[in-house]
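In what follows, a structure is listed as structure tokens, so that the remarks can point back to it.
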Amino acid sequence: MKPRPAGRDSQVMSLHTHRNDLAPVAREDEWPFDRIREFYLYEEPALLVAIKHGDRREARRIINHLLVHIYSAGEERSELLKGLLLELVVMISRAAVEAGASQTELLGMRFSHLAELAEIDDDEALAAWLRGTLERIFTAMERHQSFDVPVLVRSSLGFMRQHMARELTRGELARHVGISPGHLTQLLKERTGRSFVELLREVRVQAACEMLLQTPRSLAEIAADCGFCDQSYLTHVFKALRGMTPKQYRDTSRSAEVINGTSKGSDPSP
């Protein structure tokens, strides 16, 4: 194994604040690019999840980890590495588009990224380019999402609907979407006008409404399926949000269906 150039360790330490968490990098002097690509492919799924969830902190951590491995290749790096990093940026851009960023804006960025990368010929510039590209993509995502319901809110609502039948905590939901509980509370309040508890109740009551109309289930069964502790609590919350009891809601809807059915039945068939 070739000795690492003097001063290399200090550069690596500056790139990653959790250096002690990293296992020693096994490298083959003959094929350093293959080792870097292997690590990149291993980390890629986690990086794409972080991008889609808008989690800058986790994305930065993974990028810094990748840069540590790039530095470990010493002087054996080649132009192939630039191709790998460009491929990484393309994957990040695609994930950002799926998360709501403007495809047109990110397409324009790709051309500028390519031109910038072609001019890079030293380590510090390479690291700065990759970090700067990541930040610009995140900014593009956030700018677009400011005009729409953020991806994190949609993800939160989907998780609530999927797990509403059991006890669900704010901390669990925050971990699922990749942000802190405090940030989650602020985001939900800003975008929906409701707290976590209020939004979960609304999700459960909405599901109860659908079951009341579409199924013959008893109120006790619906209460259990929607995450209410019992039928009485379902009735209490349902009336507070809908202005009537679940039974009144079901009876009223059925009466409307009968009237509509009678009206349709009075029309002669063609």
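FYI, it's all coordinate maths here, none of it is from the lab. Everything quoted here is computed from the prediction, not taken from an experiment. Virtual Cβ from ideal backbone geometry, glycine too; neighbours counted across all protein chains shown.
List of remarks:
- Of the GluC sites (Glu not before Pro) found in region 155-231, those that fall in a DSSP loop while having at most 13 other beta-carbon atoms within 10 Å are GLU167.
- Calculated on the alpha-carbon coordinates, the convex hull of region 151-261 measures out at 108 cubic angstrom per residue.
- Pairs of Cα atoms nearer than 8 Å and 6+ residues apart set the relative contact order; for region 151-261 it is 23 percent.
- Qualifying chymotrypsin sites (Phe, Trp or Tyr not before Pro) in region 122-214, where qualification requires a DSSP coil assignment and no more than 16 other C-beta atoms within 10 Å, comprise PHE147.
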